[in-house]
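Reviewing the structure listed below.
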Amino acid sequence: FLGCLTVRVNLFGDGSPEAKKTAAIDSLGRLGDFAKTMDINIVVENHGHESSNGAWMADIAYQVNRSNVGTLPDFGNFCLSQDWGSTQEGCKEAYDRYLGVKEMLPYAKGVSAKTYDFDSNGEQPKIDYKKMIDIVKASGFNGYIGIEFEGNTQPEEEGIRTTKQLLEKYL
């Protein structure tokens, strides 16, 4: 009805990481089969707890084994101890963001280039963007890279433009 090409979902639930993985594989497989009838992709973003573990997410995508089901690696969401995975502040246990993106990229149908506040050189102090973009390029990924700005010290439009400039610098 909306003409969507892709729908993003999150993986949350109760139980052990293995029980959640089993449920995720089952539900994503069924959702992928349903979505395929409408030529829609289903992507899962790393969004906290187990879903912020790149290896866990990659294994799910591998086991689902549907051409229209994949991942949406978000550069900023690798906090294992928070519901939404943000590593901006207060994260007690984080997954290596560079490793996580690398693990998720083989199944990626898009990438979320998240940024926070910038330094005076227009760089992202919390994320090494050169390193991150080098990982994306080395993977052979050639899909969409979305921009997501979550900074607090500048207007959203300015943060989005600065993120775009940062991406263009390293792409």
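The values are calculated or read from the model by the stated rules, or taken from the named source; none is laboratory data. Please read these numbers as outputs of a predicted model, since none were measured by experiment. FYI the Cβ positions are ideal-geometry reconstructions off the backbone, even for glycines, and counts take in every protein chain you see. Remember, those area values only see protein heavy atoms, side chains included, never the ligands or the DNA or RNA. Shrake-Rupley method; radii C 1.70, N 1.55, O 1.52, S 1.80 Å.
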Kindly indicate whether Tyr62 is under 12 Å from the mean Cα position of the chain (by Cα) and of a type in the set (Ser, Thr, Tyr).
no
All but one of (1) modelled with pLDDT of 95 or more; (2) under 10 Å from the mean Cα position of the chain (by Cα); (3) not in a strand (DSSP E or B) hold for Ser112; state the number of the condition that does not hold.
(3)
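One line per residue, one yes/no per condition, for (1) within 16 Å of Glu45 (Cβ to Cβ); (2) within 16 Å of the chain's Cα centre (by Cα):
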{"residue": "Phe78", "(1), (2)": "yes, yes"}
{"residue": "Val101", "(1), (2)": "yes, yes"}
{"residue": "Met104", "(1), (2)": "yes, yes"}
{"residue": "Ala108", "(1), (2)": "yes, yes"}
{"residue": "Phe118", "(1), (2)": "no, no"}
{"residue": "Gly122", "(1), (2)": "no, no"}
{"residue": "Tyr129", "(1), (2)": "no, yes"}
{"residue": "Ile135", "(1), (2)": "no, yes"}
Mind telling me which of the residues Lys130, Lys102, Lys92, Lys114 ends up being among the charged types (D, E, K, R) and touching a strand residue (DSSP E or B) at 6+ places or on another chain (Cβ under 7 Å)?
Lys114
Condition first: aliphatic (A, V, I, L, M), under 28 Å from Lys131 (Cβ atoms) and out of contact with any Leu (no Cβ under 8 Å at 6 or more places or on another chain). Can you find one or more residues in segment 15-31 that meet it?
no
Can you work out which of the residues in segment 121-171 that are among the β-branched types (Val, Ile, Thr) and assigned to a loop (DSSP other than H, G, I, E, B) is least open to solvent (accessible area, probe 1.4 Å)?
Ile127
Are any residues in segment 88-123 under 14 Å from Asn142 (Cα atoms) and polar (S, T, N, Q), and if so, which ones?
Ser112
Quick one: which strands (runs of 3 or more DSSP E) lie wholly within segment 1-91 and hold at least 2 residues that are open to solvent by 50 Å² or more (accessible area, probe 1.4 Å)?
6-9
